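No value in this document is a laboratory result; all are computed from the given coordinates. Note that the coordinates shown come from a computational prediction; the quantities given were computed from them, not determined experimentally. No Cβ is skipped: glycine too gets one built from the backbone with ideal geometry, and neighbour counts run over all protein chains shown.
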Amino acid sequence: MSKRKSQKNTSDPCSDWARAVVAGLVVAGPDVRNACKRHLQDLEHGPKRGLRWDVDAASHAIGYFREVLRLNGGAYEGQPFKVLGWQSFVIGSLFGWKAPDGYRRFRTAYIETAKGSGKSPLAAGIGLYGLTSDGEPRAEIYAAATKKDQAQILFRDAVAMVDQSPLLAHRLEKSGASGREWNLAHLESGSFFRTVSADDGQSGPRPHIALLDEIHEHKNGTVVGMMRAGTKSRRQAMILMITNSGTDKHSVCWEYHEYGTRVCRAGAAGAGPDDGHFDDSFFAFICSMDEADDPFKDEACWYKANPSLADGIPGLKYLREQVTEAKGMPSKVATVRRLNFCQWVESASPWIGRDVWDTAEDPIDTELLRGRRCWAGLDLSSTQDLTSLVLVFEPTEADAHWRLLPFFWLPEDGLYEKAERDRVPYLAWKDAGWLMTTPGRAINKLHVIHKMVELADLFDLQGIAYDRWRIEDLKMLIEEEGCSLPPLLPFGQGYKDMSPALDEFEIRLVNEKVRHNGNPVLTWNAANAVTTSDPAGNRKVAKDKATGRVDGIVAGIMATGLTIREDETDGPSVYETRGVRSL
């Protein structure tokens, strides 16, 4: 096993890389830049808090990767572990920083990079270092996941690295048949490395190091909690999470993503213990894009999400192929943005691509719509959820586009808490006039009715489509108030009614026949929308699969469905006149 050098080590690749990032010599995204600034701030001011930067400890860990470990698979089979700049920063930070008590500073680490950057071999190597060279007797190292087969993926990487390493192969004892190993034992220290998962039902792991792979796939925080609970008896335990970017902003992964960005931002600014986002025990390396970056238009920003790209991993050719395919296959856009460019998307396969939706934005003065024929779709919520009303205006000689005009309501009481829970800016939307609220903790349907009466006076409203669910109370209120409204028309939510309406909405949108006013609530709904199909290929929006609200899009589809009924009544079928569908 590698031994610590007795002489003073002056090499510091971890800090050197941080300085290069801050100086702009290495292309990095905002969160990585903040992580590097935080490191440099702590070099200067950390000793005042009792922190100590141990260059020897950092170099020893980095040297272990270079001298002891070997890679596996394809062209890398048996090759020494070439520690890249960003990996030096991560390894050095995790093992070089010491807390006031002399033990390891960072107890939790979160690493988020694009697919193919080499984070899995990095994590496996950290586990092997903890097993053999971290000075911890009877160390327990775990590859942890929600399911056993998922935990095995990272563990198999570690086993293969052991097989390739002359210094490890004869010093670690494997349990299990070849290809089905389940334990690595370091008998000299009484330590082991194995898998653990939530479905094991175990309650007794006491990890020295826990490696959690692909946190974005974890449905809840059970595994993280299980590992954290077991670290209390360890002097310098560490939980390391690695992941691609995800889709679910209600997940444990997003919580750590957001926490990591805040901690790095606070550290970069030199915040101290009084700052609410100060956390000296949390390390984050989060690859991300700057707000103005678009990886589909500018290759220069690719390096921000792919920290190994400057060293040819995964390679420009590969990324160019991914972008080219996504441009020709809209269903791949979200996946490529998420996996290859670290962009959190609202759904794994959104129905409406962001580029298509943004192209359709074209605000119009509502006065120009006065007297113009339109149809409405009403998605009436339960007591506390989003209620949506969307008007669809037909084209005219002066304006050749279908126009969408949406309206949204939420209860006033508890709006702040709902914004925090849903992680969307309801308060800002309300202040900007994009979202209306009604008094109390439940939607006041009278407000919705009065708005529909107002709109019917302004525009030539032909009919209002509604979901039969929850409509009877609204009908009774309309009757009690004596309101005069255009016909209320039931609209089925199954494939029979929704599929033709959805098809027509999609065709108008991708053929640039539709314009919307940029209401951010509707844009949020559009980003959340995913579709499901029956065996015959009919489609509808799947509310149960969406990661957020989709009510405004459903209302827009229902209103579009009424325009199809109108076309079929007045003349040739819309399917004979609407043109070729192109995606």
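Out of the trypsin sites (Lys or Arg not before Pro) in the stretch 468-519, which ones are loop residues according to DSSP with at most 11 other C-beta atoms within 10 Å? Within the stretch 468-519, the qualifying trypsin sites (Lys or Arg not before Pro) (loop, at most 11 other Cβ atoms within 10 Å) are ARG468.
Taking the centroid of alpha carbons for each part, the stretch 85-143 and the stretch 438-472 are 57 Å apart. Summing charges over all other residues whose Cβ lies under 12 Å from the Cβ of GLY272, with Lys and Arg as +1 and Asp and Glu as -1, gives -3.
List ASP399, ASP358 from most exposed to least, where exposure is judged by having the fewest other Cβ atoms within 10 Å. Before the final figure, lay out each step's value.
Numbers: ASP399 16, ASP358 11.
Placing the least packed residue first, the sequence is ASP358, ASP399.
For LYS540, the amide hydrogen comes within under 5 Å of the amide hydrogens of THR532, counting only partners 5 or more places away or on other chains and with H modelled in the peptide plane.
Taking Lys and Arg as +1 and Asp and Glu as -1, the other residues whose beta-carbon sits under 13 Å from that of MET241 total -2.
For Cα pairs less than 8 Å apart in space and 6+ apart in sequence, what is the mean separation divided by the residue count of the chain, i.e. the relative contact order in percent? All intermediate terms of the calculation are to be shown ahead of the outcome.
Details: 1119 pairs, mean separation 73.4, N = 583.
Dividing the mean separation by the residue count of the chain yields 13 percent.
Sorted ascending by nearby beta carbons within 10 Å, beginning with the fewest, SER178, SER59, SER499 become SER178, SER499, SER59.
As an exercise, identify the trypsin sites (Lys or Arg not before Pro) in the stretch 293-368 lying in DSSP coil whose Cβ has no more than 12 other Cβ atoms within 10 Å. Of the trypsin sites (Lys or Arg not before Pro), the ones in loops of the stretch 293-368 whose Cβ has at most 12 other Cβ atoms within 10 Å are LYS297. With 27 Å as the limit, write out which pairs from LYS297/LYS332; LYS174/LYS304; LYS115/LYS545; LYS249/LYS496 have Cα-Cα distances beyond it, or answer none. Result: LYS174/LYS304; LYS249/LYS496 exceed 27 Å.
Scanning residues 5 or more positions from SER288 or on other chains, those with amide H under 5 Å from its amide H are GLY29, ASP31, VAL32, with H placed 1.01 Å from N in the peptide plane. When a/c is below 1.5 the answer is rounded, else prolate if a/b is larger than b/c, else oblate, so apply that to the chain with a ≥ b ≥ c taken from the square roots of the Cα gyration tensor eigenvalues. The shape class here is prolate.
Relative to the longest principal axis of the Cα atoms of the chain, helix 13-22 runs at roughly 30 degrees. The alpha carbons of the stretch 13-286 give a radius of gyration and a Dmax of 17.7, 53 Å, in that order. Each residue of the stretch 397-409 is assigned a 3J(HN,Hα), and the resulting list reads 4, 7, 9, 7, 10, 6, 10, 9, 10, x, 9, 9, 9 Hz, derived from the Karplus form 6.51 cos²θ - 1.76 cosθ + 1.60 (θ = phi - 60°), x at Gly and Pro.
Descending by average beta-carbon neighbour count within 10 Å, the peptides 279-286, 365-372, 46-53 line up as 279-286, 46-53, 365-372, the highest first. Helix 30-45 and the longest principal axis of the Cα set of the chain meet at an angle near 40°. The string of couplings for the stretch 264-279 from the Karplus curve (6.51, -1.76, 1.60, θ = phi - 60°) is 5, 5, 5, x, 5, 7, x, 5, x, x, 6, 6, x, 9, 7, 7 Hz, one whole number per residue in order, with x for Gly and Pro.
3J(HN,Hα) couplings calculated from phi for the stretch 282-297 with the Karplus curve 6.51 cos²θ - 1.76 cosθ + 1.60 (θ = phi - 60°) are, in sequence order, 10, 10, 9, 10, 10, 6, 7, 9, 6, 4, 7, 6, 9, x, 7, 10 Hz; Gly and Pro show x. Among rounded, prolate and oblate, which fits the stretch 52-201 when a ≥ b ≥ c are the square roots of the eigenvalues of its C-alpha gyration tensor, a/c under 1.5 means rounded, and a/b larger than b/c means prolate? Since a/c stays below 1.5, the shape of the stretch 52-201 is classed as rounded. Taking Lys and Arg as +1 and Asp and Glu as -1, the other residues whose beta-carbon sits under 10 Å from that of GLY260 total -3.
I need the shape label for the stretch 360-577. Rule: rounded when a/c is under 1.5, else prolate if a/b > b/c, else oblate, with a, b, c from the alpha carbon gyration tensor.
Values: a/c = 1.40, a/b = 1.25, b/c = 1.12.
Because its axes are fairly even, with a/c under 1.5, the stretch 360-577 counts as rounded.
Among the chymotrypsin sites (Phe, Trp or Tyr not before Pro) within the stretch 418-507, which fall in a DSSP loop and have no more than 12 other Cβ atoms within 10 Å of their own Cβ? Intermediate results must be reported in sequence, preceding the final value.
Values: sites: TYR426, TRP429, TRP434, PHE459, TYR466, TRP469, PHE491, TYR495, PHE505; in loops: TRP434, PHE459, TRP469, PHE491.
Sparse-neighbourhood loop chymotrypsin sites (Phe, Trp or Tyr not before Pro): TRP469.
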